[in-house]
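Novice: One structure is given below, represented as structure tokens, and several questions about it will come after.
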Amino acid sequence: MSDKARPVILVVDDSTDMLALMEKALGADYQVITASDPGGAIEKAFGDPRPDLILLDVDMPEISGFEVCRALKDEAATASIPVIFLTGRTEAQAQVEGLNLGAADYITK
């Protein structure tokens, strides 16, 4: 299947091991783009190809995944891209915050 025919998933995590794992797990069926920091995540969300889905870690240095999600949802060009938080944070409050920001789902690692 060509890259054009496969949905694009942007995976954002500050762990290179997690990025490699997600690329391996999803790469057969999806075109996987990765970013290891919030700035790269926002840049790639606006890039070409535009992601069809964003898997976003919450705990990253300097800027949290919550802030990245808020920034993406505030921009018309990226507001409609579904965001799923994929995180080690299991507290109910973090899940509520993520979903309130417009995330489609909140999955713990």
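Novice: Set the Förster distance to 35 Å, then compute FRET efficiency between R50 and Q93 from the Cβ-Cβ distance, nearest 0.05. Intermediate values should be presented prior to the final figure.
Specialist: Numbers: r = 31 Å, r/R0 = 0.90.
Calculated value: 0.65.
Novice: Return the calculated 222 nm mean residue ellipticity for the chain, to the nearest 500 deg cm²/dmol, obtained by summing -39500 (n - 2.57) across DSSP H runs with n ≥ 4 and dividing by the residue count. Show your work: numbers first, answer last.
Specialist: Working: 4 runs with 37 residues, N = 109.
The per-residue figure over the chain is -9500 deg cm²/dmol.
Novice: Say R0 is 25 Å: what FRET efficiency, to the nearest 0.05, do E67 and D29 get from their beta-carbon distance? Mind showing how you got there, number by number?
Specialist: Numbers: r = 30 Å, r/R0 = 1.19.
Rounded to the nearest 0.05, the efficiency is 0.25.
Novice: Counting only pairs 8 or more places apart or on different chains, how many lysine pairs in the chain have C-alpha atoms closer than 19 Å?
Specialist: On the way: K4/K24; K4/K44; K24/K109; K44/K73.
Total qualifying Lys-Lys pairs in the chain comes to 4.
Novice: Got a number for carbon plus sulfur as a percent of the chain's accessible area, 1.4 Å probe? Please list the in-between numbers first.
Specialist: Values: 2970 of 5870 Å².
Ligands and nucleic acids excluded, carbon and sulfur reach 51 percent.
Novice: Considering only protein heavy atoms, with the full assembly of protein chains and a 1.4 angstrom probe, order K73, K24, K109 by accessible area, largest first. Please list the in-between numbers first.
Specialist: Numbers: K73 50, K24 175, K109 120 Å².
Largest to smallest exposure gives the sequence K24, K109, K73.
Novice: With N denoting the number of residues in the chain, provide Rg(C-alpha) divided by 2.2 N^0.38 Å, to two decimal places.
Specialist: On the way: Rg = 12.9 Å, N = 109, 2.2 N^0.38 = 13.1 Å.
Relative to the rule-of-thumb radius for its length, the chain sits at 0.99.
Novice: Compare the Cα positions of G88, L10, I63 along the charge dipole of the chain (+1 at Cβ of Lys, Arg; -1 at Cβ of Asp, Glu; about the Cα centre) and return the one farthest towards the positive end.
Specialist: L10
Novice: Amide H neighbours of I33 under 5 Å, at least 5 residues apart or on other chains, H built in the peptide plane: list them.
Specialist: Sorted by chain and number, the residues that satisfy this are I9, L10, V11.
Novice: Roughly how many Å² is the accessible area per residue of the chain, as a whole number, for a 1.4 Å probe? Intermediate values should be presented prior to the final figure.
Specialist: Details: 5870 Å² over 109 residues.
It amounts to 54 Å² per residue over the chain.
The values are calculated or read from the model by the stated rules, or taken from the named source; none is laboratory data. None of the values given here were measured: they were computed from a predicted structure. Here the Cβ is made from the backbone with ideal geometry for all residues, glycine too, and neighbour counts use every protein chain on show. These accessible areas exclude ligands, DNA and RNA; they are computed on the full protein's heavy atoms, side chains included. Shrake-Rupley method; radii C 1.70, N 1.55, O 1.52, S 1.80 Å.
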